[in-house]
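The values are calculated or read from the model by the stated rules, or taken from the named source; none is laboratory data. Predicted model, so just to flag it, every value in this text is computed and none were measured. Reconstructed Cβ throughout: ideal geometry from the backbone, glycine too, with neighbour counts over all protein chains shown.
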Amino acid sequence: MAGSQALFMAVFVFAITFQASMVNANIAKSMYFNWGAQHSSILGNGDDLRLVLDQTSGSGIQSKRAFLFGSIEMLIKLVPGNSAGTVTAYYLSSTGANHDEIDFEFLGNSTGEPYTVHTNIFTQGQGNREQQFKLWFDPSADYHNYTIHWNPSEVVWYVDSVPIRVYRNYVSEGIAYPNQQGMRVYSSLWNADNWATRGGLVKIDWTAAPFVANYRRFRARACKWNGPVSISQCAIPTPANWWTSPVYQRLSNGQQGQLKWVRDNYMIYNYCTDFKRFNGQMAPECSKPQM
Ligand SMILES: *[C@@H]1O[C@H](CO)[C@@H](O)[C@H](O)[C@H]1NC(C)=O
Ligand SMILES: *[C@@H]1O[C@H](CO)[C@@H](O)[C@H](O)[C@H]1NC(C)=O
């Protein structure tokens, strides 16, 4: 196993070139509204974004470019107060039937009740890999750093640089991994009161509208993707220190300790332990190390 994985990685590394590449452009330059632009706005020097949900519609934004691997970073300050029924999503997705997707979704709650951070990953059109967490802070009081770190060997979801989830590449063992197609970055704020808060029991209180989620400092230190033919031009960014060992980087021992702390204290749902839902037929990655 180790051998075939190493061989796979070696072949893969050969197929891509390592050049510096960092899309350091701000939100205004690198993204556009795909929904609800009439009541949302890009502010400041183009580095700040305000997504709005009211009774007329939600809103959303997406990156102009697609990426294949990278560190996708955003500071987000979630809807404050009574955010029950609202969902703020921040995710990567490709298009088409066998799409890949890596999700952060923030499920709002009644005033004073905790948000739920919902994560998922789709590979070749297949999801059903949800994990949910509580946070160790109030995510509506200030901006916090939500980063998706996606490289050929693993996907890591970070909150303020603390890893909360890892999905590793086990392609060599027949488990799909998102490494064949580029993904764009999306974010949106919408009405999900049919399921989001306490399973849909708590509805949106429209007297509290408009609901606003604030964003700033979008950074994609990422490999630009121009379609399958140009995979060889896909560049891994340097010299950012989190990626100096670009392909093989794994969590350090300290980060693994942080991940364990989050899982022990803040994880509230894990598809890998939901035997009832899957009738005991658990996804194959559930029996592999995920850190
Ligand atoms: C956000 O978190 C990522 C991952 O830990 C880190 O590389 C990046 O520097 C952070 N950005 C900010 C603005 O703190
Ligand atoms: C909302 O708060 C309730 C009560 O604390 C909690 O059970 C629930 O998990 C929270 N989150 C969501 C999204 O319902």
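Would you check if there is a residue in the range 39-46 being buried (at least 21 other Cβ atoms within 10 Å of the Cβ) and within 15 Å of ALA213 (Cα to Cα)? Yes, there is a match, as at least one residue in the range 39-46 is buried (at least 21 other Cβ atoms within 10 Å of the Cβ) and within 15 Å of ALA213 (Cα to Cα). Sub-9 Å Cβ pairs linking a first residue in the range 64-88 that is on the phi > 0 side of the Ramachandran plot to a second residue that is more than 16 Å from ligand 2 (Cβ to nearest atom) and polar (S, T, N, Q), at least 6 apart or interchain, are PHE69/ASN151; PHE69/ASN179; GLY70/SER21; GLY70/ASN151, ordered by first then second residue.
Filtered by the rule that a residue be β-branched (Val, Ile, Thr) and within 16 Å of ligand 1 (Cβ to nearest atom), the range 96-126 gives ILE102, VAL117, THR119.
Residue-wise test of (1) in a loop (DSSP other than H, G, I, E, B); (2) of a type outside the set (Ser, Thr, Tyr); (3) within 14 Å of the chain's Cα centre (by Cα); (4) over 24 Å from VAL156 (Cβ atoms).
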{"residue": "GLY46", "(1), (2), (3), (4)": "yes, yes, no, yes"}
{"residue": "SER57", "(1), (2), (3), (4)": "yes, no, no, yes"}
{"residue": "ILE72", "(1), (2), (3), (4)": "no, yes, yes, no"}
{"residue": "TYR91", "(1), (2), (3), (4)": "no, no, yes, no"}
{"residue": "GLY96", "(1), (2), (3), (4)": "yes, yes, no, yes"}
{"residue": "SER110", "(1), (2), (3), (4)": "yes, no, no, yes"}
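Give the residue that is nearest to ligand 2 (Cβ to nearest atom), with candidates limited to residues of the range 136-172 that are touching a His at 6+ places or on another chain (Cβ under 8 Å) and in a loop (DSSP other than H, G, I, E, B). Ranking the candidates gives PHE137 first.
Filter the range 47-96 down to residues that are aliphatic (A, V, I, L, M), touching a helix residue (DSSP H, G or I) at 6+ places or on another chain (Cβ under 6 Å) and over 21 Å from ASN145 (Cα atoms), then give me how many there are. Quick ask: steps written out before the conclusion?
Start the filter on the range 47-96 by keeping residues that are aliphatic (A, V, I, L, M), which leaves 49, 51-53, 61, 66, 68, 72, 74-76, 78-79, 84, 87, 89, 92.
Applying the additional criterion that residues be touching a helix residue (DSSP H, G or I) at 6+ places or on another chain (Cβ under 6 Å) yields 49, 52.
The next check asks that each one be over 21 Å from ASN145 (Cα atoms); those that pass are none.
Residues that pass the stated criteria total 0.
Residues in the range 136-152 that are buried (at least 19 other Cβ atoms within 10 Å of the Cβ) and either among the aliphatic types (A, V, I, L, M) or out of contact with any Pro (no Cβ under 6 Å at 6 or more places or on another chain) (or both): PRO139, TYR146, THR147, ILE148, HIS149, TRP150, ASN151, PRO152. Across the range 112-134, the number of residues qualifying as within 11 Å of ligand 2 (Cβ to nearest atom) and either assigned to a loop (DSSP other than H, G, I, E, B) or of a type in the set (S, T, N, Q) (or both) comes to 7. Against the list (1) surrounded by fewer than 19 Cβ atoms within 10 Å (Cβ to Cβ); (2) β-branched (Val, Ile, Thr); (3) at pLDDT below 95, the condition ILE72 fails is (1).
Evaluating ASN151 against the criteria (1) within 16 Å of ligand 1 (Cβ to nearest atom); (2) modelled with pLDDT of 95 or more leaves one unmet condition, (2).
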